[in-house]
1. Does residue B:16 qualify as being crowded, with 23+ Cβ neighbours inside 10 Å, out of contact with any Cys (no Cβ under 6 Å at 6 or more places or on another chain) and of a type in the set (Gly, Ala, Ser)?
2. Restricting to region A:190-207, name every residue that is within 16 Å of the chain's Cα centre (by Cα), buried (at least 20 other Cβ atoms within 10 Å of the Cβ) and part of a strand (DSSP E or B).
3. Take residue B:205 and decide whether it is at pLDDT below 95 and in the same structural domain as residue B:293 (by TED's automatic domain parsing).
4. For region B:167-189, how many residues meet the condition of being part of a strand (DSSP E or B) and surrounded by fewer than 18 Cβ atoms within 10 Å (Cβ to Cβ)?
5. Could you grab me the full set of residues in region B:212-258 that are assigned to a loop (DSSP other than H, G, I, E, B) and either closer than 28 Å to residue B:337 by Cα or open to solvent by less than 30 Å² (accessible area, probe 1.4 Å) (or both)?
6. Is it fair to say residue A:261 is surrounded by 24 or more Cβ atoms within 10 Å (Cβ to Cβ), within 30 Å of residue A:136 (Cα to Cα) and away from chain B (no Cβ under 13 Å)?
7. Sort out which residues of region A:305-364 are of a type in the set (A, V, I, L, M) and touching a residue at least 60 places away in the same chain (Cβ under 8 Å), and write them in order of number.
8. Can you run down the residue pairs with Cβ atoms below 8 Å, 6 or more apart or on separate chains, where the first is in region A:289-300 and over 18 Å from residue A:339 (Cβ atoms) and within 11 Å of chain B (Cβ to nearest Cβ) and the partner is among the charged types (D, E, K, R) and crowded, with 24+ Cβ neighbours inside 10 Å?
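The values are calculated or read from the model by the stated rules, or taken from the named source; none is laboratory data. Just so you know, these numbers come straight off a predicted model, no measurement behind them. Glycine also receives a Cβ, built like all others from the backbone with ideal geometry; neighbour counts cover every protein chain displayed. Each accessible area value is taken on the protein alone, full model and side chains, heavy atoms only, with ligands, DNA and RNA left out. Shrake-Rupley method; radii C 1.70, N 1.55, O 1.52, S 1.80 Å.
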Protein chains: 2
Amino acid sequence: MKIGILGGGQLARMIALAGYPLGLDFIILDPSEDAGAIGLGEHLHGQYDDQNLLAELAEKADIVTYEFENVPVKVAEFLAEHTTVFPAPNALAVAQDRLHEKGFLQQLNIPTATYASIESLTELENAMEHIEYPAILKSRRMGYDGKGQVVIKSKNQLAEAWESMQNAESIVEGFVPFQREISIIAARRPSGEVVFYPISENTHEKGILRVSECRVGDVIQSQAEDYVVRLLDALDYVGVIALELFDVDGKLIANEFAPRVHNSGHWSIEGSETSQFENHLRAILDLPLGATKARGFSGMVNFIGGLPASDNILDTENVHLHLYAKELRKGRKVAHVTVREDDRDTYFQTLEYLIDLAKLTDNS
Amino acid sequence: MKIGILGGGQLARMIALAGYPLGLDFIILDPSEDAGAIGLGEHLHGQYDDQNLLAELAEKADIVTYEFENVPVKVAEFLAEHTTVFPAPNALAVAQDRLHEKGFLQQLNIPTATYASIESLTELENAMEHIEYPAILKSRRMGYDGKGQVVIKSKNQLAEAWESMQNAESIVEGFVPFQREISIIAARRPSGEVVFYPISENTHEKGILRVSECRVGDVIQSQAEDYVVRLLDALDYVGVIALELFDVDGKLIANEFAPRVHNSGHWSIEGSETSQFENHLRAILDLPLGATKARGFSGMVNFIGGLPASDNILDTENVHLHLYAKELRKGRKVAHVTVREDDRDTYFQTLEYLIDLAKLTDNS
């Protein structure tokens, strides 16, 4: 069985590593020469809209999936005409447009921030009559890791904020006064069978995820499961999904979802019985989903733009290293490290140590 | 960092899968077109004594290791002149000759079965004056999975037994009346730092390993550690080693050792904090060794010559599948399955279920 992946970065790399034990082969379409997953399968080297390469991918792959949500919907639709594509293109269509995404969530009675569609300065000015400051202006499409976003603190920043969007179709969102950011990762089979991971509690800096911790038995778990299953069923979704949420006094407000494996679930490789990567593959292959229960305490720290020597990471007990085989470059996620511990205090100590280590070599 | 592996079967496959997260690349020398590890690194396609390929391997690999102990010693020595080879060729030289191996173990005061060198029927007849029946006649070299062995139950089988060896240099060993077969897997760094896994309790049939179970806190653990560390230190060994032992009324008798990762340690992928494959790589890279403590109860079942559909394996909770991407062929190990459980009773139930599943499709 051959799985095609659009995108050959670290997510595709970890999908492939989880897939070999299931007897899978991979074919990866990626425009770069040396993305992290190259070497773990056949590499189709070119752009995502290259018709010849897409035809070849559709021909060779039994199932196609993707590691990022900005795959052009037309590409996914073209592939779906010729082979099986999971998650189906409709999930992409919703996820890659923040305005549609918010509307979709609200239709499912999943709360979101107050928001408005913005296509001009006048629309922005009008919208901000009804939304409190601070607010965030975001391009509707192609944003990730905090790119294409600007915070608006007061009325006199409106013009400048709009100008920075360069006329991109945008959305303005009221700021959510959250206590914490969480995400829930779930996997769904074609039959509708769903498994949920324990929620992740996430820390971002400069718009980039720094730390994700598995929170077993959190009071918010069932609320998060309720929301993500509405989303999964409405999309008739197949594969792993990640729904990011704000926790405001015990009430969850949806931020966005990613129709793919997610950085906030990387702890599941060691911290859960079955990793998110394996469960993504099991789901799209329509195999029984694996147990998602947590193994003790676990958390993940991203290394951005820089890295200490492996010795300095691995000399702490129960720490697991995941290098992405990328050149070190400013702002780039180059590795993550997981700590998995049975003892709660040791867990927190080790996590703090890893966070300090990541700060020392940070180049974000 | 590029690791060369002699042999591209399932052991090389699992080494490579453990190595990508450590940022490693692989180059694999194997005579077959479609061994399980091909696809996980550059493939040098040819015989193990092909001088040009060996030169290329030595040139490209920073460190060379192997997945089987029958690598010609001269090949390992040639490579060691041009690059780093771990484990060093001396371990191969001892391990691949049963007579040297037994002598080496005895020098270290590690008990073995009674044995004698056999190069003629007369020598066999003389030896059996001092060794009790039943005994086992084995070729000194190139035996694995019970091949090149014959059981001798009485004096009148001696001539036939010797004839079956076709004049191969042989060894006759007295039968050890064991209660159980165990193995201990350990990893050693160049500095001499050693970690031990909990012992494995092993079940063989027709000379092939069927089941290995992790036995945490076994009374025999310290005796096994004592023996394997003598062996490691005497060989100044670097990498993972497996020492197979018989348990006779609580006293261990060494059978043989394998200078490599070992089938009886496959449970460590899920059942231990750090797998034997990762610790082999950490050892040869001189990185800190990973924790080897067990995660609950775990055991492994080999699938030989045949396989049920993946659905039938994965629909049992906490079961993990490892396909080797091999054509199904009589007597060939084609997959293993691990169960990892927190609950002891459920563990034994699931293990029995998996053993039954393996029997249903067995073609050994």
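1. yes
2. A:200, A:202
3. yes
4. So the count comes out to 1.
5. Scanning region B:212-258 gives B:215, B:216, B:217, B:218, B:219, B:220, B:237, B:238.
6. Answer is yes for this residue.
7. Result: A:325, A:351, A:355, A:358.
8. The qualifying pairs are A:289/A:282; A:290/A:278; A:290/A:282.
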